[in-house]
Structure formats: C-alpha cells, structure tokens
Amino acid sequence: MMTKERTVYSTSVVEIGAESGDFKSIKMAILFGDEAPDALRPSCFIVKVAPIAEHINAGMILKIDDREYTITAVGKEVQTNLGNLGHTAINFTGATEAKLAGSLYVSEGEYPDFKVGSKIQILAK
C-alpha cells in the first residue's frame, strides 16, 4: 500500500561542476542555483531554484532520482538558502546534529549518481 507523500521541494540538476565529484569521498554534495559564484561553481551541482512548500524537518525524505534518504538534521540556514539560492550542502553521514547552518544531513547510503536532469525532491509523509 502506498502512503501519500507531499512534495515539499522539487528541482532538477541542470549542470554538473567539473570538481563536484571530489566531494563524494567526504559524503557531501553541494547544490547551488544558477547564481552560484564563479569560485564555487566547479564544486557544485547546479540546480533550478525552486520554492519550498513547507518547513524542512528531520524525518522527511530526500529523494534523488530513485534513491531515498531520511533527513536526519537540518541547518538553520537551509530553508532560506535553498529556497532563495538553490543552495545547500547535503551530507550523507547520518549526523543528527546540524553542525553547519547551511547543511542538510541525511541517512548514510550509497552516494547518488548525479546526472544532468537528475530529480531532487524533499518529501513529507
């Protein structure tokens, strides 16, 4: 039986920075909208800036293409930065305390295979 999930946030990858894969070893992915500063752009997965429908909380699901991760902690700047700039750092470490204000922490799992066109969603049950 499928439970009805609400989409809190939905975007897609439009460009992949040349050095973005370097962060895989530290289980991190940096998202940024098209306004990403030139110095950071090579390190980022560039996404379409999209509105956030409701407050992002631990317990929600981060879905990247077909992979799902449980959100374990949300930095206090995530809501503003993601909604206005398309910017956050996703940490695939399972940390339950948001040490960095701009970071979203999710359950440990296989690192996603980001591609141009990859769909990134935050879902609430």
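The values are calculated or read from the model by the stated rules, or taken from the named source; none is laboratory data. Everything numeric in this text was worked out from a predicted model, so none of it was measured. Glycine gets a Cβ as well: all are built from the backbone with ideal geometry, and neighbour counts include every protein chain shown. Heads up: the accessible areas ignore ligands, DNA and RNA and are worked out on the full protein's heavy atoms, side chains in. Shrake-Rupley method; radii C 1.70, N 1.55, O 1.52, S 1.80 Å.
Residues that are open to solvent by less than 10 Å² (accessible area, probe 1.4 Å) and basic (Lys, Arg) within the range 95-125 are absent altogether. Scanning the range 1-19 for residues that are touching a strand residue (DSSP E or B) at 6+ places or on another chain (Cβ under 8 Å) and in a loop (DSSP other than H, G, I, E, B) yields 5, 17. In this structure, residue 51 does satisfy being open to solvent by 20 Å² or more (accessible area, probe 1.4 Å) and touching a helix residue (DSSP H, G or I) at 6+ places or on another chain (Cβ under 7 Å). Residue-level analysis places residue 68 among those that are among the acidic types (Asp, Glu), open to solvent by 20 Å² or more (accessible area, probe 1.4 Å) and outside any loop (DSSP other than H, G, I, E, B).
Answer yes if at least one residue in the range 8-16 is open to solvent by 40 Å² or more (accessible area, probe 1.4 Å) and free of Cβ contacts under 8 Å to residues at least 40 places away in the same chain, and no otherwise. Looking for residues that are open to solvent by 40 Å² or more (accessible area, probe 1.4 Å) and free of Cβ contacts under 8 Å to residues at least 40 places away in the same chain, one finds none in the range 8-16, hence no. Within the range 75-94, the set of residues being surrounded by fewer than 16 Cβ atoms within 10 Å (Cβ to Cβ) and in contact with a Phe, Trp or Tyr (Cβ under 9 Å, 6 or more places away or on another chain) comprises 94 only. For the range 95-106, check the following and say yes or no: at least one residue is touching a residue at least 60 places away in the same chain (Cβ under 8 Å), within 13 Å of the chain's Cα centre (by Cα) and assigned to a loop (DSSP other than H, G, I, E, B). No: the range 95-106 contains no residue that is touching a residue at least 60 places away in the same chain (Cβ under 8 Å), within 13 Å of the chain's Cα centre (by Cα) and assigned to a loop (DSSP other than H, G, I, E, B). Between 22, 34, the distinction of being part of a loop (DSSP other than H, G, I, E, B), farther than 15 Å from residue 79 by Cα and of a type outside the set (A, V, I, L, M, F, W, C) belongs to 34 only.
Per the conditions (1) closer than 20 Å to residue 119 by Cβ; (2) at pLDDT 95 or above; (3) of a type in the set (Lys, Arg); (4) open to solvent by 70 Å² or more (accessible area, probe 1.4 Å), the sole criterion not satisfied by residue 4 is (2).
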